[in-house]
1. Do we find that Y298 is within 14 Å of ligand 2 (Cβ to nearest atom) and surrounded by 22 or more Cβ atoms within 10 Å (Cβ to Cβ) in this structure?
2. Need pairs with beta-carbon distance below 8 Å; first residue touching a residue at least 12 places away in the same chain (Cβ under 8 Å) and closer than 23 Å to W120 by Cα and within region 293-311, second within 6 Å of ligand 2 (Cβ to nearest atom) and charged (D, E, K, R); sequence gap 6+ or separate chains.
3. Could you please find all residues in region 47-73 being at pLDDT 95 or above, over 12 Å from C18 (Cβ atoms) and either touching a Ser or Thr at 6+ places or on another chain (Cβ under 7 Å) or assigned to a helix (DSSP H, G or I) (or both)?
4. Can you pull out the residues in region 271-290 that are at pLDDT 90 or above, part of a loop (DSSP other than H, G, I, E, B) and surrounded by 17 or more Cβ atoms within 10 Å (Cβ to Cβ)?
5. Are there any pairs with C-beta distances below 6 angstrom linking a residue in region 83-106 that is closer than 24 Å to D378 by Cα to a residue that is in a helix (DSSP H, G or I) and among the basic types (K, R), with the two at least 6 apart or on different chains, and if so which?
6. Residues that are more than 26 Å from S314 (Cβ to Cβ) and either part of a helix (DSSP H, G or I) or modelled with pLDDT under 95 (or both): does region 207-216 have at least one?
7. When you look at L366, is it touching a Leu at 6+ places or on another chain (Cβ under 7 Å) and more than 9 Å from ligand 1 (Cβ to nearest atom), yes or no?
8. Whether any residue in region 136-151 is within 19 Å of the chain's Cα centre (by Cα) and surrounded by fewer than 20 Cβ atoms within 10 Å (Cβ to Cβ) is what I want to check.
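The values are calculated or read from the model by the stated rules, or taken from the named source; none is laboratory data. What you are looking at is a predicted structure, and each value in this text was computed from that prediction instead of being measured. With ideal geometry, Cβ positions are generated from the backbone for all residues, glycine too; neighbour counts draw on all protein chains shown.
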Amino acid sequence: MIYSDFKGLKLSRLGFGCMRFASGSDGEIDQAKVNTMFDLAVEKGVNYFDTAYPYLGGKSEIAMAEALKKYPRESYYIADKFPGHSINQPIDNIKLFHLALKKCNTDYFDFYLLHNVNEWSVQKYESDEYHIIPDMLKMKEEGKIRHLGFSFHGGCELLEKFLDDHEGMFDFVQIQLNYLDWSLQDAKRKYEILTERGIGVWVMEPCRGGKLAVLNEENHAKLAALNPNASDASYAFRFLCGLPNVKVILSGMNEVSQVEDNLNTFETEKPLSEEERNTLFEIAEGMKKGVPCTACRYCCEGCPVQLDIPYLLSCYNDFKYAVSAVSSMRLDGLSKDKLPSACIGCGQCTHACPQSIDVPKALAELSEMYAKGPKWQDTAKGRSAAIVDDLSRAGSE
Ligand code: SF4
Ligand code: SF4
């Protein structure tokens with residue numbers, strides 16, 4: 001197993017993501033299978049396990065704890081997350097934190113994250129009324145959180161601002177990083193922002209929700225020509241292993257064969273050759289959907305309604321992959337006059353754009369997808385009610 005050094009800890013670079021445990025036909029977690037996968041991973045040196053309060057309807061934390069209970073607590077690291085993106089009213093944060101400790105069968109978290117900071121949820125995380133950050137700092141002071149971080153789904157501007165506003169507070173940040181998002185969703189810049197500040201990078205979506213793990217026939221053939229025995233996923237992981245500030249790469253494994261393949265990839269360092277790296281970028285270019293905005297901002301100054309055009313185009317690119325509540329959440333955080341529907345179609349931006357992007361057309365399409373798609377606010381409403389229920393049940397136990 002390849003390990004990374006992080007503040008005196010030796011972390012397995014392959015982290016076990018606990019959000020996709022196999023479910024039986026009844027939708028329940030197959031605990032025996034989870035145990036088998038964990039045993040295999042532990043045997044080969046994996047020592048990092050990542051869960052979150054809402055994963056698998058609240059059952060992920062419990063299944064993870066069950067699979068780990070036979071191992072000494074000091075032999076592994078667990079990460080859990082505070083679901084600030086899933087609440088729409090102030091709650092008893094400390095009580096929820098203790099409930100998570102109980103579900104994970106532990107009295108401390110090695111790593112604890114503010115879950116899914118983005119342009120919408122940041123308002124909750126920073127709200128005096130919600131009081132989330134001060135409460136989490138209190139937990140850290142009491143030793144119940146060893147390292148505090150956050151997972152991030154927003155744009156570069158918010159990332160920089162959030163880090164500036166909370167300087168020195170966070171030890172690590174989890175971002176969506178893979179060879180497709182490296183240029184498509186500014187992941188390269190996010191990696192640089194964190195590295196420049198000496199903050200460790202944790203990776204989620206290393207295979208972009210499985211898209212890079214099973215490539216189409218044409219792209220798979222390109223990789224198979226380099227090495228017929230290597231899986232498509234192994235290339236995605238090796239790309240990330242070549243980034244020195246990437247400390248942990250999370251893979252949401254749900255099959256024993258997947259665990260075995262990943263363990264094989266992470267057994268030793270296997271740096272990509274120049275040819276392999278170029279092939280990955282060539283594949284990424286071919287996979288890109290949406291518009292090739294480079295976020296140069298040449299179009300922004302002349303926009304009569306002062307829209308953040310590159311930000312909106314980045315949301316547009318997200319929507320081109322999936323119209324979902326998750327892709328809508330970055331727009332949910334904008335005021336009405338900054339939404340794509342505020343574009344008056346003057347075309348100034350297209351003239352200014354070195355990539356000749358038809359911005360008004362993309363914004364009109366984005367506006368339509370956003371209007372028709374599910375809203376994160378609605379998802380959060382349901383989740384928030386469930387969390388309040390959990391807390392009230394916990395209070396009466
Ligand atoms: S077309 Fe829309 S986005 Fe472009 S400058 Fe005009 S108002 Fe702004
Ligand atoms: S000028 Fe073109 S590439 Fe630059 S930010 Fe605007 S839309 Fe993107």
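1. Values: within 14 Å of ligand 2 (Cβ to nearest atom): yes; surrounded by 22 or more Cβ atoms within 10 Å (Cβ to Cβ): no.
When the stated conditions are applied, Y298 does not pass them.
2. These pairs meet every condition: I309/R297; P310/R297.
3. N47, R73
4. L272
5. Between residues of region 83-106 that are closer than 24 Å to D378 by Cα and residues that are in a helix (DSSP H, G or I) and among the basic types (K, R), the close pairs are G84/K124; S86/R383; N88/K381.
6. no
7. Numbers: touching a Leu at 6+ places or on another chain (Cβ under 7 Å): yes; more than 9 Å from ligand 1 (Cβ to nearest atom): yes.
Yes, satisfied.
8. yes
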